[in-house]
Amino acid sequence: MKVSRDLLTQAVKEDIINAQQAESLFQFLKTKAQDSPSFTFTYIIYYFGGLLAIAAMTLFMNLGWENFGGWGIFLLSVLYAILGLGLTSVLRKKNLAVPAGICATFVICLTPLAIYGLQKAMGWWPDTSVYREYHTLIEWHWIFMELGTLAVGIILAWIYRYPFMVMPIAVTLWYISMDLAAMIGQEGSYDFELRSLVSMYFGLLTILIAFWVDVRSAPSRDYAFWLYIFGVIAFWSGLSCQHSDSELSKFIYLCINLLMIGVGVMLVRKVFVIFGALGTAFYFGHLAWEVFADSPFFPVALTAIGILIIYLGTLWQKNEEKLTQKAQSILPKALRDTLNARE
């Protein structure tokens, strides 16, 4: 819940706190909020500029850079990285945490380009592919760029400890899950089932890493946010791409998605709820279009289920605090304290 000046004024009118306490509390919260991202014009400018710079060196990299050759690409990447680290240090000294974190993230995002240039310069590049295809194609030889990015990302994140720096680390883990399957599979005959299995298990591993980070991180900084997002995407995508003609398997798929919704509620992570709801919708779509395609009673039954869910929602609202506390009681104490602090 966002605490505004108007909300504090209402608290003064109801004699909960006095006017001086309200003003002091507002100034305190305003100062603390400066280090946390929020949907304000200032932070929109920060992220727009930072993401534009990151996109320029990743998604929008054109073939013109190939004219610099391997050593040229490598040296230019290093110069950009030095500039990025310099800006990070300057902004850090000025206590501008958000732009400092964006600049440090920019350096991590430069790493695959630098490794690509070095591989080209040393004659280690295996084919005619170019860097701009790194974010669009699945290739086994991207794995060296990804492992290097992962190493640099972990080192810089350990030094600077800005939550946004986990974003390229999480993306890199996602890329590794796809390219690792290409490396394991037969060259030229990529196996879709293998890709989905690797994605599912790698996503599950990323979620477990995110959970561990959640337990270890401070309540004021959400380092696990991006790990949860890309972990859930990889896990759910791999799970949803599994093929089976068994209705029991499809029902288990429904149960897993319902479990994801429950985990999302318990951990206060919307990404679990969103993808769990999507999977649940897919299952009911399967029932409507295939299993009960000719049954006139299925829409009626589904409507009744929807109404029942709404009723269960009203019961949840009445007992939300009690049920949430009971569900979170199985979590480690450190994580419970973190979740309580973020409410």
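The values are calculated or read from the model by the stated rules, or taken from the named source; none is laboratory data. Owing to the predicted nature of the structure, the values given are computational and were not obtained by experimental measurement. Here the Cβ positions follow ideal geometry from the backbone for every residue, glycine too, while neighbour counts run over all protein chains shown.
Points worth noting:
- Checked across region 202-218, the condition of being touching a residue at least 40 places away in the same chain (Cβ under 8 Å) and farther than 22 Å from residue 331 by Cβ holds for no residue.
- Qualifying helices (runs of 4 or more DSSP H) (wholly inside region 113-218; at least 3 residues being out of contact with any helix residue (DSSP H, G or I) (no Cβ under 9 Å at 6 or more places or on another chain)): 192-216
- Residue ranges of helices (runs of 4 or more DSSP H) in region 16-99 with at least 3 members modelled with pLDDT under 85: 19-33, 41-56
- Taken over region 69-93, the criterion of being under 17 Å from residue 164 (Cβ atoms) and of a type outside the set (A, V, I, L, M) is satisfied by 84, 88, 89, 92.
- Residue in region 192-202 that is within 15 Å of the chain's Cα centre (by Cα) and charged (D, E, K, R) present: no
- Qualifying residue in region 99-109 (condition: buried (at least 16 other Cβ atoms within 10 Å of the Cβ), polar (S, T, N, Q) and touching a residue at least 40 places away in the same chain (Cβ under 8 Å)): yes
- Region 245-280, subset out of contact with any helix residue (DSSP H, G or I) (no Cβ under 7 Å at 6 or more places or on another chain) and not in a helix (DSSP H, G or I), residue surrounded by the fewest Cβ atoms within 10 Å (Cβ to Cβ): 245
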